[in-house]
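In what follows, a single structure is set out as structure tokens and then discussed.
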Amino acid sequence: MTTRLTADAAGISRAASLLRDGALVAFGTETVYGLGADATNARAVAAIFDAKGRPHFNPLICHYPDADSAFAHVEPNDAARTLAAQFWPGPLTLVLPRRITCPVALLAGAGLDTLAVRVPATPSALALLRETARPVAAPSANRSGQVSPTTADHVLAGLAGRIAAALDSGPCPIGVESTVLDLTGPRPILLRPGGATREAIEAAIGPVQAGIPHAVAQASRSMRSPGLLVSHYAPTLPVRLDATNVDPDEALLAFGPPLPGAATIFQLSPTADLAEAAANLFTGLRALDTPGPRGIAVMPIPATGLGLAINDRLQRAAAPRQ
Ligand code: TXA
Ligand code: MG
């Protein structure tokens with residue numbers, strides 16, 4: 001049985017004690033719901049991979065209540081300090097070298113000598129991390145390869161019975177995962193576009209190297225960040241991008257005034273607002289992924305600001321299935 005906990009003081013305390021006991025607890029962040037475990041407990045971390053059906057070569061992000069506790073486990077450089085001061089708490093994940101003394105289970109980092117760290121912004125998540133007083137490893141709280149959850153209902157739809165509890169803090173305000181930035185090499189590399197925009201990051205630390213295009217992602221970028229499989233965030237129905245027309249047997253994911261002719265429409269943002277569209281993206285993909293339509297047609301979305309992350313997730317949803 002999976003318990004739904006309200007994100008009040010009692011629910012947070014219960015969630016923290018479950019985590020400290022090695023149990024799996026999903027919790028809301030500003031990006032998506034995470035599937036948390038005590039990152040220092042290798043058995044608990046292994047249970048994350050089992051619950052998700054996630055390949056063991058895919059490393060997890062460790063969550064901390066503040067930058068000081070994160071930087072006690074990884075070695076920050078100047079760029080990391082600058083970004084932490086500006087973006088944390090918030091939707092930015094930094095990949096940095098592990099310290100020799102880092103207590104995080106090697107399995108959480110898939111055996112790499114780097115670790116991805118993040119300080120989430122949702123107050124109940126921060127309270128949970130403070131009270132747990134351990135680094136919390138947390139991938140998105142969905143079965144591997146499926147659409148990330150932005151509500152506790154989404155979490156329970158995929159993981160009920162597989163995890164101890166879900167801490168319900170309501171819908172996630174940003175709605176796409178954090179930006180993952182690799183700071184371990186000579187130049188910063190954007191491994192995954194996300195809630196912190198490339199433009200804002202570049203304004204803080206200068207140019208970041210563009211992620212490798214999807215066409216070669218499988219061969220190269222996915223080796224550097226193994227979670228970045230080409231087909232990911234995938235609904236059951238085929239997804240068609242940049243649609244300028246819609247067939248009668250297709251469902252439409254609309255952005256701005258909808259194309260005519262669709263029987264089923266999910267509106268990401270009637271005013272074509274990218275932040276609103278990001279917050280609605282995964283709910284929309286889930287809502288349209290029903291038996292009936294032949295596929296999902298997606299209207300064009302500009303690839304600037306949060307649109308970069310939205311297009312990244314949509315391209316994965318549309319990629320040939322593995
Ligand atoms: O918004 C988010 O980031 C959410 C919430 C729960 O924090 N978490 C999330 O985790 O999206 P996950 O596991 O679904 O995605 C983590 C990404 C994967 O693409 C993984 O390969 C990459 O970060 N990653 C983790 N550790 C890494 C490392 N040491 N080096 C390179 N990439 C890493
Ligand atoms: Mg994920």
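Scanning the range 118-155 for residues that are within 13 Å of ligand 2 (Cβ to nearest atom), of a type in the set (Ser, Thr, Tyr) and either surrounded by fewer than 24 Cβ atoms within 10 Å (Cβ to Cβ) or part of a loop (DSSP other than H, G, I, E, B) (or both) turns up 144, 148, 150. For the range 96-117, the set of residues classified as in contact with a helix residue (DSSP H, G or I) (Cβ under 6 Å, 6 or more places away or on another chain) and open to solvent by 30 Å² or more (accessible area, probe 1.4 Å) consists of 107 only.
Of all residues in the range 118-131, exactly one satisfies the criterion of being charged (D, E, K, R) and touching a Phe, Trp or Tyr at 6+ places or on another chain (Cβ under 8 Å), namely 118.
A single entry from 226, 173, 207 fulfils the requirement of being assigned to a loop (DSSP other than H, G, I, E, B), modelled with pLDDT of 90 or more and farther than 30 Å from residue 7 by Cβ: 207. If you scan the range 158-174, which residues turn out to be more than 10 Å from ligand 1 (Cβ to nearest atom), touching a residue at least 24 places away in the same chain (Cβ under 8 Å) and out of contact with any strand residue (DSSP E or B) (no Cβ under 8 Å at 6 or more places or on another chain)? Of everything in the range 158-174, those that are more than 10 Å from ligand 1 (Cβ to nearest atom), touching a residue at least 24 places away in the same chain (Cβ under 8 Å) and out of contact with any strand residue (DSSP E or B) (no Cβ under 8 Å at 6 or more places or on another chain) turn out to be 160, 161, 162, 170, 171, 173.
Just one of the listed residues (118, 130) is within 19 Å of the chain's Cα centre (by Cα) and of a type in the set (D, E, K, R), namely 118. Scoring residue 11 on the criteria (1) away from ligand 1 (no atom under 15 Å from the Cβ); (2) modelled with pLDDT of 95 or more; (3) open to solvent by 10 Å² or more (accessible area, probe 1.4 Å) leaves a single failure, condition (3).
Sort through 6, 31, 2 and tell me the only one that's within 14 Å of ligand 1 (Cβ to nearest atom) and among the polar types (S, T, N, Q). Matching residue, one of 6, 31, 2: 31. If you check 318, 303, 287 for being in contact with a Phe, Trp or Tyr (Cβ under 8 Å, 6 or more places away or on another chain) and on the phi < 0 side of the Ramachandran plot, only one passes: 287. Only residues that are surrounded by 21 or more Cβ atoms within 10 Å (Cβ to Cβ) and of a type in the set (A, V, I, L, M) were counted across the range 191-204, and they come to 3.
Taken as a whole, the range 86-95 holds no residue that is within 16 Å of ligand 2 (Cβ to nearest atom), surrounded by fewer than 24 Cβ atoms within 10 Å (Cβ to Cβ) and not aliphatic (A, V, I, L, M). Residue 41: away from ligand 1 (no atom under 15 Å from the Cβ), among the polar types (S, T, N, Q) and touching a Leu at 6+ places or on another chain (Cβ under 7 Å), yes or no? When the stated conditions are applied, residue 41 does not pass them.
The values are calculated or read from the model by the stated rules, or taken from the named source; none is laboratory data. What you are looking at is a predicted structure, and each value in this text was computed from that prediction instead of being measured. Note that we place each Cβ from the backbone using ideal geometry, even for glycine, and neighbour counts take in every protein chain shown. Heavy atoms of the whole protein, side chains included, go into the accessibility calculation; ligands, DNA and RNA do not. Shrake-Rupley method; radii C 1.70, N 1.55, O 1.52, S 1.80 Å.
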